[in-house]
Amino acid sequence: MTQSAHDLYDEGNGKIAIGDIESAAEFYKKSTEVDKDFFDGWHALGMALMKIGKTKEAIGAALMATEISPNDQLAWTSLSQMYMKNGQIAEAESAKSNATILGIGGKLK
């Protein structure tokens with residue numbers, strides 16, 4: 001029986017709880033393979049990848065999250081942090097601006 005995206009995501013969260021971030025990233029990645037539009041999986045994957053130093057891959061996952069849910073403030077804030085960590089200041093400022101717009105009640109799409 002194939003696990004659902006939510007089940008895989010929950011397994012990833014379990015790995016986070018015990019500090020196994022690399023295994024968590026694998027579960028989050030699998031959750032996005034099962035459901036390409038699973039926002040929580042993409043967002044969690046990005047955060048886990050950033051924590052294990054895979055910043056470029058984290059940015060890719062975060063961009064997917066912002067495409068799936070363009071009006072999610074946390075997704076844009078996380079993307080901004082990833083860009084900063086990667087030294088992409090202009091991109092970080094742009095993502096931060098999007099988060100700010102959403103924070104004051106605006107919409108992007």
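The values are calculated or read from the model by the stated rules, or taken from the named source; none is laboratory data. In this text, all values refer to a predicted model and were calculated from it rather than measured experimentally. Neighbour counts are summed over all protein chains in view; Cβ atoms, including those assigned to glycine, are modelled from backbone coordinates with ideal geometry.
Only residues that are surrounded by fewer than 23 Cβ atoms within 10 Å (Cβ to Cβ), among the small types (G, A, S) and part of a helix (DSSP H, G or I) were counted in the range 1-33, giving 4.
Among residues that are under 13 Å from the mean Cα position of the chain (by Cα) and either on the phi > 0 side of the Ramachandran plot or surrounded by fewer than 18 Cβ atoms within 10 Å (Cβ to Cβ) (or both), Q73 is included. Just one of (1) modelled with pLDDT under 95; (2) of a type outside the set (G, A, S); (3) not in a loop (DSSP other than H, G, I, E, B) trips up M84, so point out which. The one condition M84 does not meet is (1).
Note on the range 34-54: residues that are under 19 Å from G87 (Cβ atoms), out of contact with any Phe, Trp or Tyr (no Cβ under 9 Å at 6 or more places or on another chain) and either hydrophobic (A, V, I, L, M, F, W, C) or crowded, with 18+ Cβ neighbours inside 10 Å (or both) total 2. In this structure, I59 does not satisfy being among the β-branched types (V, I, T), under 18 Å from E33 (Cβ atoms) and under 13 Å from the mean Cα position of the chain (by Cα).
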